[in-house]
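The values are calculated or read from the model by the stated rules, or taken from the named source; none is laboratory data. The structure displayed is predicted, hence computed values, not measured ones. Cβ atoms come from the backbone with ideal geometry, glycine included; neighbour counts cover every protein chain shown.
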Amino acid sequence: MPTSLTHRQVLTLAWPVMLAQAASALPGIIDTVVMGSSGTATDLAAVAVAAVVFSFLYWGFGFLRMSTTGLTAQARGAGDTAEVQAQLVRGALVGGILGLLVLLAFPALEPLMLGAFQASAAVEQEAAGYMSARIWGAPAALTSFAIQGWLLGVGRTRELLAVQLVLNIGNALLDAIFVAVLDLGATGIGAGTAIAEVAACLTGLLLVRRSLGLPEGLLDPARLKLTFSANRDAMVRTVALLGGFAWFVNAGARLGDAVAAGNQVLLQFVSTSAFVLDAYAFVTEKEVGEAVGARSPARLRQAMRVTTELALGSAVLFCVGFALAGPPIIDAIVADPTARQVARDYLPFCAIVPLLGVPAWQLDGIFLGAVRGRSLRNAAIVATAAYIGLDLLLRESGMGNAGVWWAFLAMYVLRALSLAPGMRGLVEDSRPKTA
């Protein structure tokens with residue numbers, strides 16, 4: 001196992017993750033495009049509503065990938081082959097069980113999910129058809145999260161990309177068949193996506209088949225407790241951050257439709273940069289996990305330095321790119337003149353997000369790799385609460401949408417500041433144990 005890390009090695013690991021990250025957002029886009037070209041306005045609205053519901057639902061289970069990556073990388077760094085294998089099996093089992101529970105609970109959850117939207121009865125009926133079909137893919141989708149986390153933890157990022165490509169290519173083909181050929185509407189879209197999720201899961205299982213089995217220590221109580229606590233803390237962290245982003249969207253909506261639309265456009269810029277820059281954070285998880293497992297402070301520092309240098313360099317490129325290319329892109333994709341002007345006016349806030357976000361994203365990767373779930377959980381809660389308080393304060397002062405964006409920028413700084421104090425203890429704990 002290499003003891004040094006180069007920029008070339010990081011980029012080799014990162015580029016498949018970047019593509020996989022971008023691909024992960026495609027199912028909802030593909031569903032919308034196919035329905036928009038072949039269905040009615042009601043069908044399209046139904047798919048849009050249902051796709052948002054599943055995006056939030058599955059994002060909430062993202063902890064399955066996070067915890068599996070860190071725990072796998074640590075076991076690999078420690079040279080514990082049996083535990084590396086056990087992490088795959090545990091993660092897949094937890095994902096499958098949680099997916100089955102979601103499937104069983106769906107009849108009770110569906111009215112609550114649809115109730116969050118003020119849609120017409122026709123749209124709700126079509127959305128219910130999509131959701132009832134797609135929910136059957138939940139066990140496969142959540143199992144895939146764990147498999148992808150394990151592939152990242154062992155550095156097999158190209159195979160992670162392969163799983164995403166199967167999902168998206170299969171989704172596109174099945175959507176076209178079920179809608180354009182069989183005319184199944186929104187229900188067909190949901191069914192196509194569910195089948196594609198099953199195909200992606202089977203592909204993942206095929207890729208990791210040699211590591212499946214019943215390894216020694218699979219049901220070790222201490223290991224199970226660690227896995228449970230890592231998943232629990234990562235879940236709370238994810239929910240807290242989701243709450244922050246939901247608050248941002250709602251804060252803009254309170255200022256009118258034009259502001260909400262303009263902010264939504266800019267949020268797509270932010271999401272694009274996050275997809276790319278998160279790839280460096282994912283590689284950081286793997287490298288930090290291995291360094292902690294190997295109990296090598298020097299390797300830990302090098303992993304943090306090399307990945308962060310590349311992330312910062314890429315962030316600067318995004319900032320410049322948004323500032324230069326943002327206005328013509330906004331003009332091309334936003335038809336409403338008022339919403340377009342809002343997006344143009346607040347583009348400078350959006351352009352600085354990649355640079356401010358890197359410290360938070362990199363620290364997330366460091367702490368996830370070190371499996372410091374409690375620190376991540378507490379920091380996310382504190383940062384989100386402080387962000388909401390700041391947003392309310394700035395809005396009360398009459399700053400309008402500028403206040404919304406200043407608070408949003410501050411959220412990234414707050415996330416980084418709330419994690420920074422734990423860095424010293426993390427490096428100290430990575431030192432070899434003394435007798």
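The table that follows gives values for the structure above.
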item	result
Residue match in the range 428-435 (condition: touching a residue at least 24 places away in the same chain (Cβ under 8 Å), in a helix (DSSP H, G or I) and crowded, with 22+ Cβ neighbours inside 10 Å)	no
Unmet criterion (only one of (1) modelled with pLDDT under 95; (2) exposed (fewer than 14 other Cβ atoms within 10 Å of the Cβ)) for GLY326	(2)
Selection count, the range 179-193, where residues are of a type outside the set (D, E, K, R) and assigned to a loop (DSSP other than H, G, I, E, B)	2
Near pairs, Cβ below 9 angstrom, 6+ apart or cross-chain, from the range 388-403 (farther than 16 Å from VAL249 by Cα) to any residue that is surrounded by fewer than 17 Cβ atoms within 10 Å (Cβ to Cβ)	MET399/TRP406
Matching residues, the range 229-273, being surrounded by fewer than 18 Cβ atoms within 10 Å (Cβ to Cβ) and either outside the structural domain of VAL334 (by TED's automatic domain parsing) or touching a Gly at 6+ places or on another chain (Cβ under 8 Å) (or both)	SER229, ARG232, VAL239, LEU242, LEU255, GLN264
Flag for LEU19 being surrounded by fewer than 22 Cβ atoms within 10 Å (Cβ to Cβ) and at pLDDT 75 or above	yes
Subset tally (residues that are surrounded by 24 or more Cβ atoms within 10 Å (Cβ to Cβ) and aliphatic (A, V, I, L, M)) for the range 282-298	4
Output for the range 389-407, where each listed residue is under 27 Å from GLY373 (Cα atoms) and surrounded by 14 or more Cβ atoms within 10 Å (Cβ to Cβ)	LEU390, ASP391, ALA407
Within the range 408-427, considering residues that are without any contact (Cβ under 8 Å) to a residue 40 or more places away in the chain and of a type in the set (Gly, Ala, Ser), the one surrounded by the fewest Cβ atoms within 10 Å (Cβ to Cβ)	GLY425
Any hit, the range 326-337, residues being of a type in the set (Asp, Glu) and assigned to a loop (DSSP other than H, G, I, E, B)	yes
The range 141-162, residues that are in a helix (DSSP H, G or I), of a type in the set (A, V, I, L, M) and surrounded by fewer than 24 Cβ atoms within 10 Å (Cβ to Cβ)	LEU161, ALA162
Complete set of residues in the range 244-288 that are in a helix (DSSP H, G or I), of a type in the set (Gly, Ala, Ser) and modelled with pLDDT under 85	ALA246, ALA251, GLY252, ALA253, ALA258, ALA260, ALA261, GLY262, SER271
Cβ-Cβ under 9 Å pairs, at least 6 apart or on other chains, the range 305-328 side under 15 Å from ILE352 (Cβ atoms) and in contact (Cβ under 8 Å) with a residue 60 or more places away in the chain, far side assigned to a helix (DSSP H, G or I) and not small (Gly, Ala, Ser)	none
Selected residue (criterion: farthest from CYS350 (Cα to Cα)) from residues of the range 305-320 that are among the β-branched types (Val, Ile, Thr) and buried (at least 19 other Cβ atoms within 10 Å of the Cβ)	VAL306
Residue identified as at pLDDT below 90 and either part of a helix (DSSP H, G or I) or of a type in the set (D, E, K, R) (or both) among PRO359, PRO421	PRO421
